[in-house]
Amino acid sequence: MNGSIENFNGWCEEKFWAKELFRSLEDMRAKSPHFIDQYNDLSAWKHKNQSLEQIKPVRILNNSIEIHLEKLPLTEGKIHFISKVDIEGEISILNEAFEVGKEFIDEYVWATICLKKQKIGVYYIAKDQDTAVLIKKNEYELTEEVKDLSLDIGKTLWHCTMY
């Protein structure tokens, strides 16, 4: 599955995040149906052409996905990304460029956004090492309030996704 996920993430980065400028979560939500349609058309085409790649119908994204912003607050926690460092020594996370260093070009790094502290840390694991080393730390200012993690957040998310 990891290969399929990485393939999707790469395609999403190239066809969606890198091509659009999002001013807010609402703006991203408004622009995402076109991307979902593109992905579904490609998946359906690949499904018809089995020799290219086997795509199961359950992998097609649901067009009726709705994100209720009022029910999905930003809560304390961390968001993790794995990204390849580009030829400029930067990574792209959520359509923002972060300088990592030219010594990491073509290497994969792990970026973690800590929502409560509003910081992003970038980690690297060298091929001869077992543990990740923090190589960059930056402020990551959010425009939305970060709320304490509620014990009933699962109930909120469950009701949000059940239609």
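Values in this text are rule-based calculations from the coordinates and carry no lab data. This structure is a prediction, so every number in the text was calculated from the model and none was measured. Glycine gets a Cβ as well: all are built from the backbone with ideal geometry, and neighbour counts include every protein chain shown.
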Exercise for review: Using a cut-off of 13 Å between beta-carbons, work out the net charge of the residues near residue 88 (Lys and Arg +1, Asp and Glu -1, residue 88 not included).
Suggested key: -3
Practice item. Among the trypsin sites (Lys or Arg not before Pro) in segment 69-147, which ones are in a DSSP loop with at most 16 other Cβ atoms within 10 Å of the Cβ? Mind listing them? Key: 116, 117, 127
Exercise for review: Could you work out the local net charge near residue 16, counting Lys and Arg as +1, Asp and Glu as -1, over the other residues with Cβ closer than 12 Å to its Cβ?
Suggested key: -1
